[in-house]
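The values are calculated or read from the model by the stated rules, or taken from the named source; none is laboratory data. This structure is a prediction, so every number in the text was calculated from the model and none was measured. So basically every Cβ, Gly included, is an ideal-geometry build from the backbone, and we count neighbours across all protein chains shown.
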Ligand code: NG1
Ligand code: ZN
């Protein structure tokens, strides 16, 4: 480690004194102007993590669904996963070290994690379309270079595309080619094979309208056009040519306001979806003939996908265990439908995709989605090999179903929830089953619900257990919530401190919108 060089470069990316930031659920996130030193230091940290794991590490510059003025950064671990928890702590220490302490912290991390500093390091970097992202990603590169790391800058990518690249690079290309062409080749091949099998549905001209949140999704969907000659027409809105990123549009806006995005013309019963700013979330929606808006969120996406997978497994005749992973925010109707009608086991984890992802890895097939539309499906290596082998060997109906499942496996991005890949999976399933968006929506009816944010002096006074569904502290809070919940029908409510914003989130659902609203409000009063 060349301490003199590090000191010199670090001075160029000086930390504003007194600024304290934490590596949260989605890495670091704040106003872009406060992030230069963080980017430089995450470049340093990525090199250490790469040396320690002897693998390629990813660094993504994005603030997802947050306003255009914000930015953020997160590291991607060797198998395309979120950074390991002990390294999140190192990231926070490194980010908050005052300039003179920087070496000591770097050496401390290296020692604690037994990093062999002589090893080579390789880091891949990508960014979203925010005006601040290009310069900030240069600061990451500066950090990588000063520690002698090699790097490849992918430039503009969606977050899940970077996760995919990291995964490919660390599995010797077995998962796919680590290029944007490799990504589109893999997805388009699987999608085209699937839609060929769907030709009997009679709907040759399938089309979907996409609200791209004025972000990277638009760019990548345009690039994707040349890979599909038929099968699906994707019409882009909020493509960034006029509107502002995530402003009155995108998956987060549509989900939290439960209304259509601006900048999109919607005819009745047309199938529409929204990506978020870095294209790792997707929600579907439509307006019915009476002009009523219908949201199809992550829970209903998980339901469609897991039902389809279960049906395919039945046809193939393989007894594989399939599980659906949700968080406390999953609508109660979805959980009931999955457990009671579909007879699929459902598990609840803490908020944040890393928790869902890890739980999903315990199954032969694990489908996970947050209600906000972030999710994917994971298939164990053994399942993938078996299914693809059956698809080659069998010529009958079972073989046909196995081929279909093999293509579905290839169509999912198993490194991370991916709006583009999820959209193609959903479009393929709807085509194969000949389902309209209304029929999909009608699987079950969401319980009316309300989410509120409460500003408190210190959100850490609230601690939770049972996958965040029960408050442990402050004393008396859970009892107060229980008493309120008892006063409503089909009701449920919980509070938890946000991992990405300085707020406490309140969630309530009940048999009517008025009751859900009232319950959420009453619970928010109990939080003070
Ligand atoms: P927090 O701020 O911890 O609630 C939010 C989302 C998560 C996840 C992360 C990361 C909700 C209620 N919470 O977390 O699901 O997506 O951001 O982006 O939607
Ligand atoms: Zn996102």
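With respect to (1) farther than 23 Å from residue 29 by Cα; (2) without any contact (Cβ under 8 Å) to a residue 60 or more places away in the chain, the lone exception for residue 505 is condition (1). On the stretch given as region 244-262, residues that are away from ligand 2 (no atom under 12 Å from the Cβ), in contact with a strand residue (DSSP E or B) (Cβ under 8 Å, 6 or more places away or on another chain) and part of a loop (DSSP other than H, G, I, E, B) total 5.
Is at least one residue of region 458-472 under 27 Å from the mean Cα position of the chain (by Cα), more than 21 Å from residue 348 (Cβ to Cβ) and within 16 Å of ligand 2 (Cβ to nearest atom)?
Going through region 458-472, the residues under 27 Å from the mean Cα position of the chain (by Cα) turn out to be 459-460, 462-471.
Checking which are more than 21 Å from residue 348 (Cβ to Cβ) leaves us with 459-460.
Remaining after also requiring within 16 Å of ligand 2 (Cβ to nearest atom): none.
No, region 458-472 contains no residue that is under 27 Å from the mean Cα position of the chain (by Cα), more than 21 Å from residue 348 (Cβ to Cβ) and within 16 Å of ligand 2 (Cβ to nearest atom).
Checking each residue in region 412-425 for being over 16 Å from residue 189 (Cα atoms) and part of a helix (DSSP H, G or I) picks out only 419. Within region 100-141, the residues that satisfy the criterion of being crowded, with 22+ Cβ neighbours inside 10 Å and part of a helix (DSSP H, G or I) are 106, 109, 133, 136, 137, 139, 140.
Does residue 487 qualify as being farther than 20 Å from residue 336 by Cβ, surrounded by fewer than 18 Cβ atoms within 10 Å (Cβ to Cβ) and at pLDDT 95 or above? Answer is yes for this residue. Tallying residues that are more than 16 Å from ligand 1 (Cβ to nearest atom), in a loop (DSSP other than H, G, I, E, B) and touching a strand residue (DSSP E or B) at 6+ places or on another chain (Cβ under 9 Å) within region 263-291 yields 10.
For residues that are over 14 Å from residue 448 (Cα atoms) and surrounded by fewer than 19 Cβ atoms within 10 Å (Cβ to Cβ), scanning just region 501-520, find the one that is nearest to ligand 1 (Cβ to nearest atom). Step through it out loud before you land on a result.
Narrowing region 501-520 to residues over 14 Å from residue 448 (Cα atoms): 501-506.
When the remaining residues are screened for being surrounded by fewer than 19 Cβ atoms within 10 Å (Cβ to Cβ), the result is 501-503.
Numbers: 501: 5, 502: 10, 503: 8 Å.
Restricting to residues being over 14 Å from residue 448 (Cα atoms) and surrounded by fewer than 19 Cβ atoms within 10 Å (Cβ to Cβ), the top hit is 501.
Can you tell me which residues in region 30-71 are out of contact with any helix residue (DSSP H, G or I) (no Cβ under 7 Å at 6 or more places or on another chain), within 18 Å of residue 93 (Cβ to Cβ) and either within 16 Å of ligand 1 (Cβ to nearest atom) or part of a loop (DSSP other than H, G, I, E, B) (or both)? Passing the criteria: only 30. Of the helices (runs of 4 or more DSSP H) that lie entirely inside region 426-528, those containing 2 or more residues that are over 30 Å from residue 272 (Cα atoms) span 477-485, 513-527. Of everything in region 352-398 that is under 19 Å from residue 425 (Cα atoms) and out of contact with any strand residue (DSSP E or B) (no Cβ under 9 Å at 6 or more places or on another chain), the residue that is farthest from ligand 1 (Cβ to nearest atom) is 391.
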